[in-house]
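Encoded as structure tokens, the structure appears first; notes follow it.
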Amino acid sequence: MNNIFYTGQEVDFISFIESKKYESICVLVDAKTNGFCLPILKNVFPSFENVSSIVMPDGEVNKSIEIVQLIWSEMLANSISRNSLIINLGGGVLTDMGGFAASTFKRGVDFLNIPTTLLAMVDASAGGKTGINFGGVKNCIGSFQTSIATYINPIFLNTLSSRQLLNGTVEMIKHALLKSDVAWDAVKNYSLHEFMSIDKIKQSIAIKQFIVEQDFNDNGIRQSLNVGHTIGHAIESYSYQTNTPLLHGEAIILGLIHEQLIAESILNTDSKIRKELIDVKERLFANINFTYTLNNILPYLLQDKKNSSTINMSLLASIANCKIQTVVSIDELKKSFINL
């Protein structure tokens, strides 16, 4: 797994980079992080003052092969070699794309991630997955490639709106559901301020790391991290075709609730979990007002990279007990929409 450095470990982080003796360093940013986060980075790390940068458009809509081609072209223009370092400074879209572009350029250039959103800090930082969307399907093209390091500093969260901050809380909620009753009982009552604390961020990252280290290539237990995401990703993908696209976390909280209803039917899961998730949604995401039907999202469910001839989901039988590769019929899906 990659090395994770936290705020307060800046000297160690720079020493780690310097030990690699790179020929050059280039920072990948998007239109937003170029203006808001790159100055913060250079203030925290004065040695980065004169590094070159590549600017890509921001937003999920730009998570595409066309933008990866733009990044590759800029890497060529910046004379990026096999002995260069790419620093991905941004949210999950940017770290996913930057990792994919770096891992495929000249058959692999080292990259590290400096996530600037809460979602990227607790999700992309410990995963080792890179990718882009293709054909309307989320993360359809990608690879497993670990960054050489990740640097986590909540100072970047000061650049975000409340909506973007809340977007990251859902992965922390998911991690707690996979960890223990104690973790879930704490997280379900967190205020937004608590979610943003470095201690809570560390705890969430540690849960994901523990799972990923057991199954890096996603053949077994790592699939538990998909809980809420089969339906959630389908809702998210459909929302991009509307005038009111959802953020990732907003779609996943809806997916978690849907999938818990299915778990109650298939696995006899206690309805208490779903009811508590609804309480969390009402407390943190009261402003979500997005209409969709099973027919709207079914094409995306069938195209999900986790599925083949059947619709498979990772479903919670109980807290910290996830059943992966659970086959879900169309009838069960229909029931979840009727009864929700």
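What follows draws every value from the coordinates through simple rules; no lab data is involved. None of the values given here were measured: they were computed from a predicted structure. Cβ atoms come from the backbone with ideal geometry, glycine included; neighbour counts cover every protein chain shown.
Helical content of the chain, expressed as a calculated mean residue ellipticity at 222 nm, amounts to -14500 deg cm²/dmol (DSSP H runs of 4 or more residues, -39,500 (n - 2.57) each, divided by residue number, nearest 500). Taking every Cα-Cα distance in segment 3-158 and sorting them into 5 Å bins from zero, the calculated P(r) comes out as 2, 10, 21, 25, 23, 13, 5, 1, 0 percent. Would you mind telling me the antiparallel percentage of the DSSP bridges in segment 3-158, rounded to 5? Antiparallel bridges make up about 20 percent of those DSSP assigns within segment 3-158. Ranking of F144, F45 by neighbouring Cβ atoms within 10 Å, starting from the fewest: F144, F45. Sorting 229-236, 72-79, 317-324, 18-25 by average packing, meaning the other beta carbons within 10 Å per residue, from highest down gives 229-236, 317-324, 72-79, 18-25.
Here the Gaussian network model covers the chain, with springs between Cα atoms less than 10 Å apart; of D270, D123, D96, D270 fluctuates the most. In a simple Cβ point-charge model (Lys, Arg +1; Asp, Glu -1; nothing else charged), segment 161-339 has a dipole of about 100 debye relative to its Cα centre. On a C-alpha basis, how far is the centre of segment 266-339 from the centre of segment 23-55 in Å? Whole number, if you could? That distance is 40 Å.
Per residue, the average separation of C-alpha pairs within less than 8 Å and at least 6 apart gives segment 106-182 a relative contact order of 37 percent.
Each of N289 and C140 was given a label point 7 Å from its Cα along the Cα-to-Cβ line. The distance between the two points is 3.3 nm.
The aspartates and glutamates within cross-link reach of K138, meaning a Cα-to-Cα straight distance under 13 Å and a gap of 8 or more places when in the same chain, are E60, D96, E236, D304.
Computed from Cα atoms, the angle from the helix 294-303 axis to the main principal axis of the chain rounds to 50 degrees. I'd like the FRET efficiency for S19 and S52, computed as 1/(1 + (r/R0)^6) with the beta carbon distance as r and R0 of 25 Å, rounded to 0.05. That gives a FRET efficiency of 0.75. Taking the DSSP beta bridges with both ends in the chain, the antiparallel portion is around 35 percent. Axis of helix 271-284 versus longest Cα principal axis of the chain: the two differ by about 50°, to the nearest ten degrees. Bridgeable aspartates and glutamates around K21 (alpha carbons under 16 Å apart, same-chain partners fewer than 8 residues away excluded): D12, D110. Given that just one value was derived from the coordinates, which of (1) 62, 49, 45; (2) 58, 39, 37; (3) 67, 44, 38 is Cα extents along the principal axes in Å? Among (1) 62, 49, 45; (2) 58, 39, 37; (3) 67, 44, 38, the one derived from this structure is (2).
With a Förster radius of 30 Å applied to the C-beta separation of D215 and S271, the computed FRET efficiency comes to 0.50.
Cβ-Cβ distance of F337 and F36, R₀ of 30 Å, FRET efficiency by 1/(1 + (r/R0)^6): the value works out to about 0.15. Length gained on full extension, D12 to I330: 109.3 nm, using 0.36 nm per residue less the C-alpha separation.
With contacts taken as Cα pairs under 8 Å at a separation of at least 6 residues, the chain carries a relative contact order of 14 percent.
What's the angle, to the nearest 10 degrees (0 to 90), between helix 198-214's Cα axis and the longest principal axis of the chain? Long axis of 198-214 versus the principal axis of the chain: about 80 degrees. Name the most mobile residue of T150, T117, T244, meaning the one with the largest mean-square fluctuation, in a Gaussian network model of the chain with Cα contacts below 10 Å. Maximum fluctuation in the GNM of the chain, among the listed residues, is at T244. Considering only alpha-carbon pairs that sit under 8 angstrom and 6 or more positions apart, the relative contact order computed for segment 81-135 is 42 percent.
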